[in-house]
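The values are calculated or read from the model by the stated rules, or taken from the named source; none is laboratory data. Since we're looking at a predicted model, the values are computed, not measured. Cβ atoms come from the backbone with ideal geometry, glycine included; neighbour counts cover every protein chain shown. These accessible areas exclude ligands, DNA and RNA; they are computed on the full protein's heavy atoms, side chains included. Shrake-Rupley method; radii C 1.70, N 1.55, O 1.52, S 1.80 Å.
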Amino acid sequence: MYKCFSSKYQRPVIVIEAGEYYISTQGEIISTIVGSCICTCLYDPVHAVGGVNHFMLPASLKSHEILTTEMGRYGLYAMELLIAEIMKSGGERQLLKAKVFGGGRLLNYRLSHDNIPQFNIKFINHFLKMEQIPIVNQDVGGDFGRKLYFFSDTGKVFVKKLLPQQYTEFKYVEARYTERLLRIKKNAKTRYFNHR
């Protein structure tokens with residue numbers, strides 16, 4: 001995570017990467033580049049509080065496993081952190097609205113049956129429906145990355161779709177992040193079988 005300044009928008013910009021989140025009450029722009037991961041923008045339009053997370057689940061799960069497995073808890077934790085921090089910053093849960101981006105298929109996964117981007121999309125839709133947080137905008141799927149700017153006070157989002165030549169370095173970062181999550185998945189399975 002790092003901070004810069006946009007001369008175009010005359011505002012501070014907080015740039016987050018995979019596995020990070022940020023909340024603002026000062027009208028900052030929160031930016032990230034997302035590929036296979038999911039970026040969830042949550043905001044309370046009444047109190048002008050907003051935040052963004054950037055996460056990926058380490059495995060495909062069935063809907064009923066979301067609350068009961070180690071891998072499912074990873075996504076739940078990312079979302080619960082974001083919601084809790086917005087509420088600590090003065091937002092109200094019943095006023096929250098969501099915008100969701102990502103889930104593009106950029107990487108060749110070692111496990112062909114393990115469609116992580118599609119499950120990320122299913123997970124976030126299932127979670128937000130379960131928590132009764134309305135999704136007011138969604139741009140997910142495809143085979144491209146997205147760069148976005150989220151205006152934390154208004155909930156406005158500018159999204160730019162990235163061409164393959166624009167995200168060579170980003171794909172490398174996301175590949176390392178995916179490998180780390182796959183190790184989490186493998187370790188979780190090992191712990192499960194060792195305790196049976």
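Scanning the range 1-20 for residues that are within 24 Å of GLY142 (Cβ to Cβ) and out of contact with any Ser or Thr (no Cβ under 9 Å at 6 or more places or on another chain) gives a single hit, GLY19. Residues that are more than 15 Å from GLY103 (Cβ to Cβ) and either of a type in the set (A, V, I, L, M) or exposed (fewer than 15 other Cβ atoms within 10 Å of the Cβ) (or both) within the range 126-150 comprise LYS129, MET130, GLU131, GLN132, ILE133, PRO134, VAL136, listed in sequence order. For the range 117-166, the candidate set comprises residues that are within 27 Å of VAL46 (Cα to Cα) and of a type in the set (Asp, Glu); within that set, the residue that is nearest to the chain's Cα centre (by Cα) is ASP139.
Residues checked against (1) within 10 Å of the chain's Cα centre (by Cα); (2) closer than 18 Å to LEU96 by Cβ; (3) not polar (S, T, N, Q):
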| residue | (1), (2), (3) |
| --- | --- |
| SER6 | no, no, no |
| TYR9 | no, no, yes |
| ILE14 | no, no, yes |
| GLU17 | yes, no, yes |
| GLU20 | yes, no, yes |
| THR32 | yes, no, no |
| CYS41 | yes, yes, yes |
| PRO45 | no, yes, yes |
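Entry remark, the range 6-58: residues being in a strand (DSSP E or B), under 21 Å from PHE127 (Cα atoms) and either open to solvent by 10 Å² or more (accessible area, probe 1.4 Å) or of a type in the set (Asp, Glu) (or both) number 5 in total.
The residues of the range 96-117 that are at pLDDT below 90 and either open to solvent by 10 Å² or more (accessible area, probe 1.4 Å) or over 9 Å from SER36 (Cβ atoms) (or both), listed by number, are ARG105, LEU106, LEU107, ASN108, TYR109, ARG110, LEU111, SER112, HIS113, ASP114, ASN115. Selection of first residues in the range 74-101 that are among the polar types (S, T, N, Q) and of second residues that are at pLDDT 95 or above and part of a loop (DSSP other than H, G, I, E, B), restricted to Cβ pairs under 6 Å at least 6 apart or on distinct chains, gives the following pairs, ordered by first then second residue: SER89/THR25.
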